[in-house]
Amino acid sequence: MTDTLTTTDAAASATPAGIDALDALEAEAIHVIREVVAEFERPVLLFSGGKDSVVVLHLAAKAFRPGKVPFPLLHVDTGHNFPEVLRFRDETAARLGVRLEVARVQDYLDDGRLAERADGTRNPLQTLPLLDAIAAGRHDAVFGGARRDEDKARAKERILSLRDEFGQWDPRNQRPELWSLYNGRHTVGQHVRAFPISNWTELDVWRYIARERIALPPLYFAHEREVYARDGMWLAVSDVSAPRAGETVERRTVRYRTVGDLSCTGAVESEAADLDAIVREVAASTITERGATRADDRLSEAAMEDRKKDGYF
Amino acid sequence: MTDATQLLAPASATDAPASASPALDRAAGATSLFRFATAGSVDDGKSTLVGRLLHDSKAILADQFEQVARTSRERGFGQGTGFDFALLTDGLRAEREQGITIDVAYRYFSTGQRSFILADCPGHVQYTRNMVTGATTADAVVVLVDARNGVLEQTRRHLAVVALLRVPHVVVAVNKIDLLGFDEGAFTRVADDVRRVAGELGLADVHVLPVSALDGDNVVDRSSRTPWYDGPSLLELLETLPPLDGLEADAEAFRLPVQLVLRPQGGLAPDLAGDPATAEAYRDYRAAAGRIASGTVRVGDRVQVFPSGIETTVTGVEVAGAPADAAAAPQSVALRLADDVDLARGTLLAEAGTLPEGRREIDADLFQLDARTLAQGARVLVKHGTTTVQAIVAEISSRRDLDALTHEPADALAVNDIGRARLVLSAPLPLEPYALHRAGGSFLVIHPSDGATLAAGTVRS
């Protein structure tokens, strides 16, 4: 990411007539990030090493350049994360000189505050460690990389979204968001979730990553991997995800469109080995990234809404 | 997608071949961003229009489509064979269960020319609140009218809100023209009514077109069933109307509300801090960071600072962290100045000679959005630009009757009311008439203890 932060070609030639959609989205995101930093005491960025949070971190680096990013990163580690993504997460934080806080679902399972689910997926278990980490860090604002195009419930989300002490989202009682005046006022116990790339689509994210040459974990690019088919997705063979009887392991060329929990994030067959190829592939895709790769979001039509109401992102 | 498409209502009679893939066009080149909002009354087919626009511009992907098709079948929509477009935009469980739209939903699609952000504003619950939310950021508002009903009370209200908020472009889609046999006379009667109301409201740029959202006539492609209409389709119109950002960048004086001051000192980015010479060069770095509200700024420009009035010269322009010669609305920038002037959050940088005066009173139009009534004498907060100050609602003088388009005396504003008020401020703000300057003339009225946004405000003069 560092090399992109010193280039000048992308914006130097900007003129009133020449502002394209990515420039406009970037300007909006940087405005949101600066507003939150100016108006809140202790912001934090939820950072998984996934492409969306990587883009938010890149935008934050640009927003405060030549200074460094003025808030820490927080990751809720399910214990089922891809090792190469965790490595990328740590290297990125170190390279940008930003502190990384990690909340571990495993700690909660070990001492009984959480129990493993029957289906083995740990995504819904992230909410409690997340809320505890927000309280412990006294974070009054939490940045996230969620986008409105990801899900129908997220399409109703505000850019600044107020949460109570239980982290709950009340979709029927949201503050209207007017002009570019963001109202971040909150009372004791409340915090705000801030989504600077709300208005970006998956294709915008990839076009921006390609334009800015932003570094990503390697599993976003086509690679060979031992996988097995389940629910119409390719799942990786790992310590926490193994084929059941009747599911056969094959070696396939795949890549990931989203990066989450190993046990429920599927890969797609792809030959897209570089950013330009990925942009072309995403543009031509006929299936949404969550539909293609997230078992947990297929649980029901309101899966995301229910998790969000409980304090999930 | 082929199977899914067959579930649709019969294709448009125009049967124009759709372009291969707008998304592919978009992968290839840069597009511009265009924001629009849709508004309509109950049952005028807005959800169908939005669904049709998304579907025909290839923004609905197969898994989303199949999910909606499955739910439509389960609910027996259209005798079990139809496709309920409303399910595409109604994102909340309560909305799907009750068949109503509660809150503004944002949708995204693109063509070779433009990336669109669509704010879909529900018409019947909290209509002013939703309309105001969608309209304040919109380059255009598409108002739906049922051709059989013509201009209704709610149409007048929608148009009134659009006029008061000075949305640059208004498109009135006269829907369900198929149910009137594509009759030119029926369309002309509605269009004349629309233009008369628009004229009363002082709306300048109004486009009226006949559509059938259900069949797709004049939505994406021009229809052969309305040969008497020679204007553009809805999408063609949305692709060609000039966006607000361009208008503001070109036509208005430079304004930058300062969000914060960048002064890295010891906290340089690691790639800069590593090299002693670079680190030394940034030792005294200081810049005003913000998003340009209007106009253009260049290195060498003379600017003035609010509230001090001090004049200085721009010595450096950085756009999103990178040096540039110039920048324009709506870019996020950092500006370095020749003199060490006070630049705290809440100051405003303006083109020299155009600095607005500080004012401690606002003659305002207020759009009441909160369910609690706003009464004369209320103590509130006002957020304007990057400043929040205490304020008192000193006087509420009238509320608008949006049906008769007249003013009636009032001393309080209930939810959905639009009224005229005078607010007294605890500190001077660089207010400008909303008619001349959107950012300088808009503000929020906020509850002083629970922080809720009570009202949207615009400066009258």
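Quick look at the numbers
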{"item": "Contacts under 8 angstrom Cβ, first residue in region B:406-419 being under 11 Å from B:A375 (Cα atoms), partner of a type outside the set (S, T, N, Q) and in a loop (DSSP other than H, G, I, E, B), 6 or more apart", "result": "B:A410/B:D417"}
{"item": "Any hit, region B:403-418, residues being modelled with pLDDT of 95 or more, more than 19 Å from the chain's Cα centre (by Cα) and within 14 Å of chain A (Cβ to nearest Cβ)", "result": "no"}
{"item": "Test for A:R154: is it among the charged types (D, E, K, R), more than 11 Å from chain B (Cβ to nearest Cβ) and under 18 Å from the mean Cα position of the chain (by Cα)", "result": "no"}
{"item": "Candidate set: region B:168-196, residues that are touching a residue at least 60 places away in the same chain (Cβ under 8 Å) and of a type in the set (A, V, I, L, M); chosen: the one surrounded by the fewest Cβ atoms within 10 Å (Cβ to Cβ)", "result": "B:V171"}
{"item": "Residues of region B:419-461 classified as away from chain A (no Cβ under 14 Å), among the hydrophobic types (A, V, I, L, M, F, W, C), surrounded by fewer than 24 Cβ atoms within 10 Å (Cβ to Cβ) and within 21 Å of B:T133 (Cα to Cα), total", "result": "2"}
{"item": "The lone exception for A:A118 - which of (1) out of contact with any Leu (no Cβ under 9 Å at 6 or more places or on another chain); (2) within 12 Å of another protein chain (Cβ to nearest Cβ); (3) part of a loop (DSSP other than H, G, I, E, B) it fails", "result": "(2)"}
{"item": "Output for region B:48-80, where each listed residue is of a type in the set (S, T, N, Q) and modelled with pLDDT of 80 or more", "result": "B:T48"}
{"item": "Some residue of region A:103-114 being touching a Ser or Thr at 6+ places or on another chain (Cβ under 6 Å) and either surrounded by 23 or more Cβ atoms within 10 Å (Cβ to Cβ) or at pLDDT 95 or above (or both)", "result": "yes"}
{"item": "Selection count, region A:30-69, where residues are within 12 Å of chain B (Cβ to nearest Cβ), in contact with a helix residue (DSSP H, G or I) (Cβ under 6 Å, 6 or more places away or on another chain) and assigned to a loop (DSSP other than H, G, I, E, B)", "result": "2"}
{"item": "Residue match in region B:336-349 (condition: in a helix (DSSP H, G or I), modelled with pLDDT under 95 and not small (G, A, S))", "result": "no"}
{"item": "Lone qualifier among A:A14, A:A27, A:A10 - being at the interface with chain B (Cβ under 7 Å from one of its Cβ atoms), part of a helix (DSSP H, G or I) and modelled with pLDDT under 95", "result": "A:A10"}
{"item": "Qualifying residues in region A:198-222 (those that are of a type in the set (F, W, Y) and touching a strand residue (DSSP E or B) at 6+ places or on another chain (Cβ under 9 Å)) - the one nearest to A:V32 (Cα to Cα)", "result": "A:W200"}
{"item": "Pair list, Cβ < 7 Å and 6+ apart or interchain, from region B:306-325 residues that are more than 17 Å from B:A352 (Cβ to Cβ) to residues that are assigned to a strand (DSSP E or B) and among the hydroxyl-bearing types (S, T, Y)", "result": "B:A320/B:S332"}
{"item": "Test: residue in region A:65-88 that is farther than 27 Å from B:L262 by Cβ, touching an Asp or Glu at 6+ places or on another chain (Cβ under 6 Å) and not hydroxyl-bearing (S, T, Y)", "result": "yes"}
{"item": "Residue ID - modelled with the lowest pLDDT, chosen from residues in region B:102-142 that are part of a loop (DSSP other than H, G, I, E, B) and over 18 Å from B:L53 (Cα atoms)", "result": "B:V125"}
{"item": "Which numbered condition B:L272 misses (of (1) crowded, with 18+ Cβ neighbours inside 10 Å; (2) at negative phi; (3) modelled with pLDDT of 90 or more)", "result": "(3)"}
{"item": "Residue check for A:D90: within 19 Å of the chain's Cα centre (by Cα), surrounded by fewer than 19 Cβ atoms within 10 Å (Cβ to Cβ) and not in a strand (DSSP E or B)", "result": "yes"}
{"item": "Sole residue being at positive phi and in contact (Cβ under 8 Å) with a residue 24 or more places away in the chain, chosen from A:G189, A:G184", "result": "A:G189"}
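The rows are residues; the columns are (1) within 12 Å of chain B (Cβ to nearest Cβ); (2) more than 17 Å from B:A105 (Cα to Cα); (3) modelled with pLDDT of 90 or more; (4) surrounded by fewer than 21 Cβ atoms within 10 Å (Cβ to Cβ).
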position: A:L128; (1), (2), (3), (4): no, yes, yes, yes
position: A:Q174; (1), (2), (3), (4): yes, no, no, yes
position: A:T187; (1), (2), (3), (4): yes, yes, no, yes
position: A:V192; (1), (2), (3), (4): yes, yes, yes, no
position: A:R207; (1), (2), (3), (4): yes, yes, yes, no
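The values are calculated or read from the model by the stated rules, or taken from the named source; none is laboratory data. Quick caveat: nothing in here was measured; it's all calculated off a predicted structure. As a convention, Cβ positions derive from the backbone with ideal geometry for all residues, glycine included, and neighbour counts pool all protein chains shown.
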